[in-house]
Amino acid sequence: MTAETDRAAPPPEGGGSPGPQGPPVPAAPRSGGRLERVLASGLFAVTGELGPPRNARAGDVAEKCRALKGAVDAANVTDNQTAVVRMSSLAASVIALREGLEPVMQMVCRDRNRIAAQSDLLGAAALGVRNVIALSGDHQRFGDHPQSKNVYDLDSVNLIRAIRGMRDEGRLLSGQALPEDGRPRLLVGAAFNPFADPEGYRVIRAAAKVAAGADFLQSQCLYDMPRFRRFMARAVDMGLTEKAYFMAGVTPLKSLGMAMYMKNNVPGIVIPDGLIARLRGVPKDRQADEGVAVACEQIEELRSVPGVAGVHLMFVEWEHMIPVVAEKAGLLPRPEV
């Protein structure tokens with residue numbers, strides 16, 4: 001029986017169904033943004049990913065925003081992903097706001113010291129950004145400027161702690177106080193990876209981010225569902241899902257070649273042999289369709305996993321397919337909150 005028919009009654013809207021577990025204990029609003037409202041309501045949330053262009057064309061960002069608008073509750077605006085120079089996440093987030101799409105501004109520790117990070121956070125909040133996610137960042141040796149120096153003045157846990165201190169306590173890391181009406185009202189996000197080794201440590205790492213102040217966490221793209229279920233069972237047992245919202249990352253495999261590359265070359269990605277065999281069993285020109293079908297099946301299963309508050313759709317340079325998959329997976333229309 002599918003997760004949909006397991007429910008006592010079908011939801012009135014595809015995306016408006018509650019998750020298998022209620023939301024964390026209600027608290028005072030952090031940001032007032034749409035993503036926070038959806039999560040706090042207990043509805044199954046959907047975020048997408050938007051990669052800024054390698055140029056200064058605002059229209060390129062706007063085009064991606066138009067593809068995502070209405071299909072997601074908010075969109076992660078990546079921060080020089082893969083250590084490649086792109087339009088800044090802050091600038092692209094402001095363009096998203098102009099287009100009516102709520103951004104989740106990514107901030108990596110690789111490129112900023114604590115002065116620059118806190119400055120960007122104040123600026124983002126002043127410009128209307130309501131969500132931020134703190135990340136370590138890909139090492140620069142993988143990008144287009146391998147000779148550059150990384151910073152890592154703060155790691156992701158300490159950046160989360162810094163954001164929470166600015167928002168909840170009204171203070172900078174220096175101890176300088178912020179005026180009550182000058183605090184950045186931001187929902188704070190973090191990443192988690194259930195698939196890196198050692199397996200037992202992954203939930204402890206996530207717990208450290210929750211303790212530091214993460215309001216929501218988004219996972220690495222997942223393909224090994226049994227291992228993800230084990231992670232979530234531990235997170236539920238530890239009470240982490242009562243303190244923060246956990247969202248599962250979904251990335252469709254466009255081809256067998258993509259699957260093999262990720263399996264063999266991307267740390268922290270586990271692709272079961274059965275999924276490789278499934279893609280190998282269809283003609284090359286149908287493998288992208290099969291990857292979409294797998295993603296929809298994953299989303300359906302994730303809606304029944306205790307502790308999962310939503311999905312994060314990561315379609316690298318394939319943003320126009322997010323509404324297609326959201327429709328096929330029964331996530332549309334997105335609920336009014």
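Read-outs throughout are calculated quantities, based only on the coordinates presented, and are distinct from any laboratory measurement. In this text, all values refer to a predicted model and were calculated from it rather than measured experimentally. A quick note on method: Cβ atoms are made from the backbone with ideal geometry, for glycine too, and the neighbour counts reach across all protein chains shown.
The table that follows gives values for the structure above.
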{"read-out": "Sequence ranges 274-284, 98-108, ranked by mean other-Cβ count within 10 angstrom, highest first", "value": "98-108, 274-284"}
{"read-out": "For Ala45, residues with placed amide H under 5 Å, excluding near neighbours", "value": "Gly310, Val311"}
{"read-out": "Straight-distance crosslink candidates among lysines, where the alpha carbon sits under 24 Å from Lys69 and sequence neighbours closer than 8 are dropped", "value": "Lys254, Lys328"}
{"read-out": "Fraction of antiparallel bridges per DSSP, the chain only, in percent to nearest 5", "value": "5"}
{"read-out": "In degrees, nearest ten, helix 287-302 long axis to first principal axis of the chain (Cα)", "value": "70"}
{"read-out": "Karplus-derived 3J(HN,Hα), 6.51/-1.76/1.60, for each residue of the stretch 138-152, Hz, glycine and proline x", "value": "5, 5, 5, 5, 8, x, 9, 10, x, 7, 6, 9, 7, 10, 6"}
{"read-out": "Folded to 0 to 90 degrees: helix 256-265 orientation relative to the chain principal axis, Cα", "value": "50"}
{"read-out": "Within straight-line cross-link reach of Lys149, lysines at Cα separation under 16 Å, skipping those fewer than 8 residues along the same chain", "value": "none"}
{"read-out": "Whole-angstrom gap from the stretch 302-335 to the stretch 198-270, using each part's C-alpha centre", "value": "16"}
{"read-out": "In sequence order, calculated HN-Hα J values of the stretch 319-334 (Karplus, 6.51, -1.76, 1.60; Hz; x Gly/Pro)", "value": "4, 5, 8, 4, x, 5, 5, 4, 5, 5, 8, x, 8, 10, x, 5"}
{"read-out": "Cα gyration tensor shape for the chain, rounded if a/c is under 1.5, else prolate or oblate", "value": "rounded"}
{"read-out": "Three-way shape call for the stretch 160-204 based on the alpha-carbon gyration tensor, with the a/c threshold at 1.5", "value": "prolate"}
{"read-out": "15 Å Cα-Cα reach of Lys263 towards aspartates and glutamates, excluding residues that sit fewer than 8 places from it in its own chain", "value": "Asp197, Asp224, Asp273"}
{"read-out": "The stretch 230-243 - phi-based ³J(HN,Hα) in whole Hz, Karplus 6.51/-1.76/1.60, Gly and Pro as x", "value": "4, 4, 5, 4, 5, 4, 5, 4, 7, x, 5, 6, 8, 10"}
{"read-out": "The chain - mean residue ellipticity at 222 nm from DSSP helices (-39,500 (n - 2.57) per run, n ≥ 4, rounded to 500)", "value": "-11000 deg cm²/dmol"}
{"read-out": "The chain: angle of helix 58-68 to the longest principal axis, Cα-based, in degrees nearest 10", "value": "50"}
